[in-house]
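See below for the structure under consideration.
The values are calculated or read from the model by the stated rules, or taken from the named source; none is laboratory data. Since the structure is predicted, the reported quantities are computational estimates derived from the model, not experimental observations. Heads up, the Cβs are rebuilt from the backbone with ideal geometry, glycines too, and the neighbour counts pull from every protein chain shown. Heads up: the accessible areas ignore ligands, DNA and RNA and are worked out on the full protein's heavy atoms, side chains in. Shrake-Rupley method; radii C 1.70, N 1.55, O 1.52, S 1.80 Å.
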Amino acid sequence: MSTPTHDDPQSGDPRNGDPDPSGTFAKNSGAASVTGSDTADGSSAAADMDEPPAGGSFARYLLRKIGGAATSMVLVILLGFFAFRMLPGDPVLKIAKERPMSPAQIAELRSQYGLDKPVIVQFWDYLVGIVTGDLGESYVYRKSVSALIGEYLGPTLLLTATAAVIAIALGLWLGQLSAWRRNSLFDKLASSTSLIFWSVPTFWLGLILLMIFGGTLQWLPTGGMITPGIDPWSPAGIIDVIKHLILPVVSLVAVVYAQFLMVMRASLLEEMNEDYLTTARAKGLTEDEVRRKHAVPNALLPTVTVVFLHIGGLIAGAVTVEAVFSWPGLGKLTFEAIRGPDLPLLQGTFVVFSAIIIVMNLAADIVYRFLDPRVRRA
């Protein structure tokens with residue numbers, strides 16, 4: 001048998017079926033490919049493959065998303081003006097029914113509210129108010145809409161932030177346990193219970209809880225944020241606020257956590273058969289370590305968008321819960337404005353709720369780009 005030489009192109013070449021025990025061909029080929037790559041585009045072989053391609057900078061991505069959010073906000077502003085003017089009822093005539101008023105007084109009141117102006121002039125005043133932060137004066141409260149929103153925003157944030165933290169933690173925890181123990185009794189109970197709560201209207205669940213725990217058992221307060229006469233910053237006042245929080249928070253959490261659970265469960269089930277989990281088990285990691293350190297972090301990526309979207313939706317969904325429990329927040333303010341109709345107040349709360357949802361959507365897009373390399377390369 002002849003000894004292979006460097007002049008023999010067939011010797012030791014794996015492409016021709018000959019073994020290459022030393023792996024020299026593979027190493028040389030890899031080096032050649034790296035060298036060729038460096039020569040072609042001048043980039044380093046150690047370049048981060050997760051970075052966006054040329055022309056796909058973060059600044060361009062951010063500007064595109066901000067442009068989309070700005071377009072949505074413009075549409076919200078337009079809808080906020082014209083949609084509410086199609087509501088049945090005349091706010092001036094409703095005020096006139098509450099106390100005797102002459103036609104001259106009705107005309108003066110209409111002029112005071114600016115309802116006697118052409119629609120295009122009213123729309124211009126509305127746009128100027130949006131830009132300057134002057135959202136007009138409430139017909140019902142006789143106060144600045146901006147001041148009312150600032151006054152009622154705090155209780156809404158307290159309610160929704162508490163519900164969001166509990167719902168996210170509970171939903172993601174139960175979702176990953178349910179997926180890891182798929183088809184078990186725990187999985188079936190957790191999934192079926194979450195589907196039931198997911199399909200229940202929030203206001204209906206709130207009414208049931210109110211009748212049972214506030215009416216029949218009388219364990220918890222039935223409405224409001226604090227008992228009159230108690231200092232909210234005293235220890236007794238803080239405990240009293242917590243008691244008032246329990247029923248509305250449970251009403252929101254019971255519906256919202258189910259969505260996080262189902263999304264987390266479905267996402268983790270997709271990761272269950274991936275090769276990197278088999279590798280982790282082969283390294284001697286326990287099932288709990290495989291789940292916590294490898295599977296769950298990757299499964300969290302699709303849930304980020306859902307979390308941000310539902311945080312914004314949670315604030316908007318607080319309208320019915322606040323109305324049921326007489327919670328002094330933006331939801332209750334909106335509900336009372338609809339009964340008017342109090343057009344400036346409706347427009348102001350609608351713009352605020354919509355802006356929160358749009359900002360949450362924008363935040364979801366930005367965070368998801370940092371978490372998922374595939375989005376950065378797209």
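Per-structure values
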quantity	calculated
Test: Asn273 is open to solvent by 60 Å² or more (accessible area, probe 1.4 Å) and without any contact (Cβ under 8 Å) to a residue 12 or more places away in the chain	yes
Identity of the residue in the stretch 239-248, hydrophobic (A, V, I, L, M, F, W, C) and open to solvent by 10 Å² or more (accessible area, probe 1.4 Å), that ends up farthest from Thr160 (Cα to Cα)	Ile239
Enumeration of residues in the stretch 76-90 that are over 15 Å from Tyr139 (Cα atoms), in a helix (DSSP H, G or I) and open to solvent by 70 Å² or more (accessible area, probe 1.4 Å)	Leu79, Phe82, Met86
Residue list for the stretch 126-139, filter: open to solvent by 80 Å² or more (accessible area, probe 1.4 Å) and touching a residue at least 24 places away in the same chain (Cβ under 8 Å)	Glu137
Odd one out for Leu195, checked against (1) surrounded by fewer than 16 Cβ atoms within 10 Å (Cβ to Cβ); (2) free of Cβ contacts under 8 Å to residues at least 12 places away in the same chain	(2)
Per-region count, the stretch 91-119, residues assigned to a loop (DSSP other than H, G, I, E, B), open to solvent by less than 60 Å² (accessible area, probe 1.4 Å) and either of a type in the set (A, V, I, L, M, F, W, C) or farther than 17 Å from Gly136 by Cβ (or both)	3
Close pairs (9 angstrom Cβ cut-off, 6 or more residues apart or separate chains): farther than 26 Å from Ala258 by Cβ in the stretch 202-224, of a type in the set (Gly, Ala, Ser) and open to solvent by 30 Å² or more (accessible area, probe 1.4 Å) anywhere	Gly224/Ser326
The lone exception for Leu174 - which of (1) at pLDDT 90 or above; (2) more than 28 Å from Phe335 (Cβ to Cβ); (3) open to solvent by 40 Å² or more (accessible area, probe 1.4 Å) it fails	(3)
Which numbered condition Phe123 misses (of (1) more than 16 Å from Val352 (Cα to Cα); (2) open to solvent by 60 Å² or more (accessible area, probe 1.4 Å); (3) modelled with pLDDT of 85 or more)	(2)
Filtered residues of the stretch 322-333 (kept if outside any helix (DSSP H, G or I) and open to solvent by 30 Å² or more (accessible area, probe 1.4 Å))	Ser326, Pro328
Members of the stretch 49-93 found to be small (Gly, Ala, Ser) and either within 30 Å of Glu336 (Cα to Cα) or modelled with pLDDT of 80 or more (or both), listed by number	Ala59, Gly67, Gly68, Ala69, Ala70, Ser72, Gly80, Ala83, Gly89
